[in-house]
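Engineer: One structure coming up, written as structure tokens, with questions to follow.
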Amino acid sequence: ETGVTQTPRHLVMGMTNKKSLKCEQHLGHNAMYWYKQSAKKPLELMFVYSLEERVENNSVPSRFSPECPNSSHLFLHLHTLQPEDSALYLCASSQDYYGGGDYGYTFGSGTRLTVV
Amino acid sequence: EDQVTQSPEALRLQEGESSSLNCSYTVSGLRGLFWYRQDPGKGPEFLFTLYSAGEEKEKERLKATLTKKESFLHITAPKPEDSATYLCAVQAYGGGSQGNLIFGKGTKLSVKP
């Protein structure tokens, strides 16, 4: 089991639904990230939070809304998604923003999202 | 523009057949190059960080090397359990988005017994 836990593991939602993805880390890290992983594409950074403040929003459509209530939890709220949003959504954490260093980012197992 | 290209896209090896995976990169100023392993249905698992040309790191059957333009992940006498997708990422110096990890598309390695 990794130090970053994501729930649910799988999610099927209709285009008009509203759902949320949850990420939790107890590594004492100060930065948390949402990534999107689609087939045949590199991991795409969506959002970055450092010390609970959003520091980056990588031109992500407004139908994705992140929330970071504290340094251990990160949410991704989803609404009115499109079929092309179907992907593996990964949460990661690092000691500090721009971290990585000798230990890299720690990733969760992801949520496999299917939009129908 | 910072960029990472991994080759080959897929690699099939027989157990015990050594080989190398390539990661070519262009970056304004390299802060670090990262290798990850990703198993199906799981998130990437950190393997190595390399910081400067000439640096090498090893872990079991894996050895990562770095030059000014590329990194290699050498796999010696692979076993079926080494089958996975291997991801390379670079991190640049600088503020804003420059400090974020930029990933390649990965190399899918299959090792047959």
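Engineer: If B:Gly43 meets every condition in (1) in a strand (DSSP E or B); (2) open to solvent by less than 50 Å² (accessible area, probe 1.4 Å) apart from one, which number is that one?
Structural biologist: Checking B:Gly43 against (1) in a strand (DSSP E or B); (2) open to solvent by less than 50 Å² (accessible area, probe 1.4 Å), the one that fails is (1).
Engineer: Now for a different question. For the stretch B:65-84, indicate whether the set of residues that are within 14 Å of chain A (Cβ to nearest Cβ), outside any loop (DSSP other than H, G, I, E, B) and within 17 Å of B:Ala10 (Cβ to Cβ) is non-empty.
Structural biologist: Checking the stretch B:65-84: at least one residue is within 14 Å of chain A (Cβ to nearest Cβ), outside any loop (DSSP other than H, G, I, E, B) and within 17 Å of B:Ala10 (Cβ to Cβ).
Engineer: Can you tell me which residues in the stretch B:46-64 are among the charged types (D, E, K, R) and either in a strand (DSSP E or B) or within 11 Å of chain A (Cβ to nearest Cβ) (or both)?
Structural biologist: Taking the stretch B:46-64 first, the residues among the charged types (D, E, K, R) are B:55-61, B:63.
Within the stretch B:46-64, B:Glu56, B:Lys57, B:Glu58, B:Lys59, B:Lys63 qualify.
Engineer: So, in the stretch B:46-81, exactly how many residues are polar (S, T, N, Q) and surrounded by fewer than 16 Cβ atoms within 10 Å (Cβ to Cβ)?
Structural biologist: Taking the stretch B:46-81 and keeping what is polar (S, T, N, Q), we get B:49, B:52, B:65, B:67, B:71, B:76.
Right, trim to surrounded by fewer than 16 Cβ atoms within 10 Å (Cβ to Cβ) and you get B:52, B:67, B:76.
Number satisfying all stated conditions: 3.
Engineer: Residue by residue through the stretch B:33-77, note down the ones that are in contact with a strand residue (DSSP E or B) (Cβ under 8 Å, 6 or more places away or on another chain) and among the basic types (Lys, Arg).
Structural biologist: Listed by number, the residues that qualify are B:Arg37, B:Lys57, B:Lys59, B:Arg61, B:Lys63, B:Lys69.
Engineer: Are any of the residues in the stretch B:25-33 under 17 Å from B:Leu109 (Cβ atoms) and surrounded by 14 or more Cβ atoms within 10 Å (Cβ to Cβ)?
Structural biologist: Of the residues in the stretch B:25-33, the ones under 17 Å from B:Leu109 (Cβ atoms) are none.
No; the residues of the stretch B:25-33 include none that is under 17 Å from B:Leu109 (Cβ atoms) and surrounded by 14 or more Cβ atoms within 10 Å (Cβ to Cβ).
Engineer: Applying the selection to the stretch B:1-40, what residues are within 15 Å of the chain's Cα centre (by Cα) and outside any strand (DSSP E or B)?
Structural biologist: B:Pro8, B:Glu9, B:Asp39, listed by residue number.
Engineer: Follow-up. Can you name every one of the strands (runs of 3 or more DSSP E) wholly within the stretch A:1-111 that holds 1 or more residues which are under 24 Å from B:Gly99 (Cα atoms)?
Structural biologist: Numbers: elements: A:4-7, A:10-13, A:18-25, A:31-37, A:44-50, A:53-57, A:64-70, A:73-79, A:87-94.
Passing ranges, in order: A:4-7, A:18-25, A:31-37, A:44-50, A:53-57, A:64-70, A:73-79, A:87-94.
Engineer: Somewhere in the stretch B:82-93, is a residue of a type outside the set (Gly, Ala, Ser), open to solvent by 20 Å² or more (accessible area, probe 1.4 Å) and either touching a residue at least 60 places away in the same chain (Cβ under 8 Å) or in contact with a helix residue (DSSP H, G or I) (Cβ under 7 Å, 6 or more places away or on another chain) (or both)?
Structural biologist: Looking only at the stretch B:82-93, we keep the residues that are of a type outside the set (Gly, Ala, Ser), and these are B:82, B:85-88, B:90-91, B:93.
From what's left, open to solvent by 20 Å² or more (accessible area, probe 1.4 Å): B:85, B:93.
Next cut, either touching a residue at least 60 places away in the same chain (Cβ under 8 Å) or in contact with a helix residue (DSSP H, G or I) (Cβ under 7 Å, 6 or more places away or on another chain) (or both) only: B:93.
There is at least one residue in the stretch B:82-93 that is of a type outside the set (Gly, Ala, Ser), open to solvent by 20 Å² or more (accessible area, probe 1.4 Å) and either touching a residue at least 60 places away in the same chain (Cβ under 8 Å) or in contact with a helix residue (DSSP H, G or I) (Cβ under 7 Å, 6 or more places away or on another chain) (or both).
Engineer: Also, I was wondering about something else. Being open to solvent by less than 10 Å² (accessible area, probe 1.4 Å) and of a type in the set (A, V, I, L, M) is the filter; apply it to the stretch A:67-114 and report the residue that is farthest from the other protein chains (Cβ to nearest Cβ).
Structural biologist: Here the residue is A:Leu81.
The values are calculated or read from the model by the stated rules, or taken from the named source; none is laboratory data. Keep in mind it's a predicted model, so treat the numbers as computed, not measured. All Cβ positions, even for glycine, are placed from backbone atoms using ideal geometry, and neighbour counts span all protein chains on display. Note: accessible area is taken over every heavy atom of the protein model, side chains too, but ligands, DNA and RNA are not part of it. Shrake-Rupley method; radii C 1.70, N 1.55, O 1.52, S 1.80 Å.
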